1. Do we find that B:V199 is assigned by TED's automatic domain parsing to the domain that holds B:I288, of a type in the set (A, V, I, L, M) and buried (at least 20 other Cβ atoms within 10 Å of the Cβ) in this structure?
2. If only one of A:D118, A:D107, A:D80 is under 18 Å from the mean Cα position of the chain (by Cα), outside the structural domain of A:E271 (by TED's automatic domain parsing) and among the acidic types (D, E), which one is it?
3. Pull out all pairs, ordered by first then second residue, where Cβ-Cβ is under 6 Å, the residues are six or more apart or on different chains, the first lies in the stretch B:25-42 and is under 16 Å from B:R230 (Cβ atoms) and more than 8 Å from chain A (Cβ to nearest Cβ), and the second is modelled with pLDDT of 80 or more and surrounded by 16 or more Cβ atoms within 10 Å (Cβ to Cβ).
4. Just the residues that are facing chain A (nearest Cβ under 7 Å), among the hydrophobic types (A, V, I, L, M, F, W, C) and closer than 17 Å to B:L47 by Cβ, please, taken from the stretch B:90-108.
5. Across the stretch B:174-187, what is the total count of residues that are crowded, with 20+ Cβ neighbours inside 10 Å and either assigned to a loop (DSSP other than H, G, I, E, B) or touching a strand residue (DSSP E or B) at 6+ places or on another chain (Cβ under 9 Å) (or both)?
6. Can you confirm whether the stretch B:188-200 contains a residue that is assigned to a helix (DSSP H, G or I) and acidic (D, E)?
7. Going by the conditions given, is A:S189 farther than 30 Å from A:S229 by Cα, assigned by TED's automatic domain parsing to the domain that holds A:I239 and among the small types (G, A, S)?
8. From (1) buried (at least 24 other Cβ atoms within 10 Å of the Cβ); (2) of a type outside the set (G, A, S); (3) within 29 Å of B:L142 (Cβ to Cβ), pick out the condition that doesn't hold for A:L162.
Protein chains: 2
Amino acid sequence: MDSMDSSGAMQVFELGERAIVERIREILGNSEIGDDCGLIRIGNEILVVTSDMLHRKTDFPPQMSGYQIGWMSAAASLSDIAAMGATPVGILFAIGLPVETEVGFLDEMIRGISACADQASTKVIGGDVDSHDELTIVGTALGCVNQEKILYRKGARENDFLCVTGSLGGAGAALSLLKDGRRSPVEISRKLFEPVPRVREGRILAESRVVSSAMDISDGLAASLYELSRANEGIGFRIYAEKIPTDPELSQILNPEEILETSLYEGGDLELLFTIPREEIKTLHGEIEFTVIGEVTKRGIIIVKTTPDGRRYVEPLSERGYEHLKERPPRKNYQG
Amino acid sequence: MDSMDSSGAMQVFELGERAIVERIREILGNSEIGDDCGLIRIGNEILVVTSDMLHRKTDFPPQMSGYQIGWMSAAASLSDIAAMGATPVGILFAIGLPVETEVGFLDEMIRGISACADQASTKVIGGDVDSHDELTIVGTALGCVNQEKILYRKGARENDFLCVTGSLGGAGAALSLLKDGRRSPVEISRKLFEPVPRVREGRILAESRVVSSAMDISDGLAASLYELSRANEGIGFRIYAEKIPTDPELSQILNPEEILETSLYEGGDLELLFTIPREEIKTLHGEIEFTVIGEVTKRGIIIVKTTPDGRRYVEPLSERGYEHLKERPPRKNYQG
């Protein structure tokens, strides 16, 4: 990294989100900042707190209703709480509203926030409203988890199984179709417009006490694997294209190659990515819906693919996905 | 209030912040939302959490440095924590940065946030960065306080003394001078640019267990008195103009009438306003710097003034001060 003195005139987009966060961490001298949540110890419990900033133009497709914008804002923060295995204990919202916002739209947004909080068995406990040129929502979610059970990004070990909850690609596919002016099957649309944070799954993973690392994949599976690799000082992953669970409805609208691309590189799915020692995998069976998609290796992130005639080959997985404050990806993206 | 169905096409600026917050509270069906903080019970302790959204254009005078912007953002949230008598346990920041922001400016902002957290004996535990057209900062502060000691806005009783900490008018005066292109004495400038949240004072008020209500006056003394009156189901206040403690340096730059106006109606001072039964006032002497400025009455908010020839007269106090999402006050204001 450049020295802090010499780069004063550099602009933030030249650095990108990851380098900026690293820089902030250095200035604060607080190495505890990591993962997506701040941690506060209260006896044997850990309070996890996360703030996510979302904007009308970059984070919400124009077709989204007020209700869905509210829902997604709550879901994005709750997903970070879920990834640490915590039980949500409250949400706060700071909302910057253009003064010409219709009151009915605001009402819908609040109903969406409230509905998403409800389904995660928590509630809105406070917030702030302010005027702003662009609709801006910062959701802050709080959760509690026992210190013996909390899930961190760090902890993955070589040979652990690599798993994801649910199925992938839905949010990304729905967004692609929207941009082409096409409609998605309703199940797919919901993945984009009303994604369900994996709060229950996160808690079960935490209760199991055998999961070695976890995070959500809101920035996309590939980007998350790189993030998880960095959090674990450079361990690697081998994943199998054919094992990646994808939404069954995707085959109605995309070809197999597009489905794989979407599942790997598009954000928005709020599934959890986790690692677990092979011998412990049985403890999760019947508890949650998940799929083993690969394993932890010494280094490198590779994907094993199969040719149409059945031959296996290996490719390095590219590090594409959503990063804030970098030049925008080719397709405008949204992220949870 | 208009029915929610009929007002869908109304725009939010027609309502203003207070009506909007009331509306949100109704939609959420959570009457616990109040004061400036959300509350989470953890055993006998209460976790108080507050989020404040601040913007470059409306909340920070253009002359403010990155360091001061960071400091003030932290101070605004910590002041809400202080007003409940809580001990800060962490701060999070969600920062929306224009992509052309210079890295050196961001560094300074983070240093300002960190310095303000330090002086309140807490630290930054997490956050989020994102790109945004306008610099936007949402600070979320968390604090802990015993349930027997927590300070609420509600609780003031008739005949209680009404008090404020520190001295008023500094932030407002510095802002006025800035707008006129004049410089303030350094002690006054600091009130605007690096206000110190009254964390220590809040804790002492809470520990005393005799304070009947409290809030901060970041939106101005007059506006805060109206707010405190509403929180207490319409009790009133009588305040005495001559008792309002003002920064001594103000007399170098403003006439007595301007000093009073500024102290009553300008926001930005992060002092605490509180009520206390008369017989308990002695418990605070020597503990914190505070002044009795009036008393709690049955109804109405009035100010007692004195003519130059020594005759006392009474005026209703006007409800002026900063309210978000309403037409801007005559002078562009900033608020903490």
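The values are calculated or read from the model by the stated rules, or taken from the named source; none is laboratory data. Treat the numbers as computed from the prediction; the structure is a model and nothing was measured. Positions of Cβ are generated from backbone atoms using ideal geometry, with glycine treated the same way; all protein chains shown enter the neighbour counts.
1. On the way: assigned by TED's automatic domain parsing to the domain that holds B:I288: yes; of a type in the set (A, V, I, L, M): yes; buried (at least 20 other Cβ atoms within 10 Å of the Cβ): yes.
So B:V199 fits the description; yes.
2. Details: A:D118 fails: under 18 Å from the mean Cα position of the chain (by Cα); A:D107 fails: under 18 Å from the mean Cα position of the chain (by Cα).
On inspection, the qualifying residue turns out to be A:D80.
3. B:D35/B:R153
4. B:L92
5. The total comes to 1.
6. Quick first cut of the stretch B:188-200, residues assigned to a helix (DSSP H, G or I) only: B:188-193, B:199-200.
From what is left, the residues that are acidic (D, E) are none.
Among the residues of the stretch B:188-200, not one is assigned to a helix (DSSP H, G or I) and acidic (D, E), which makes the answer no.
7. Numbers: farther than 30 Å from A:S229 by Cα: yes; assigned by TED's automatic domain parsing to the domain that holds A:I239: yes; among the small types (G, A, S): yes.
Yes; evaluated as a whole, the condition is true for this residue.
8. Only one criterion in (1) buried (at least 24 other Cβ atoms within 10 Å of the Cβ); (2) of a type outside the set (G, A, S); (3) within 29 Å of B:L142 (Cβ to Cβ) is unmet by A:L162, namely (3).
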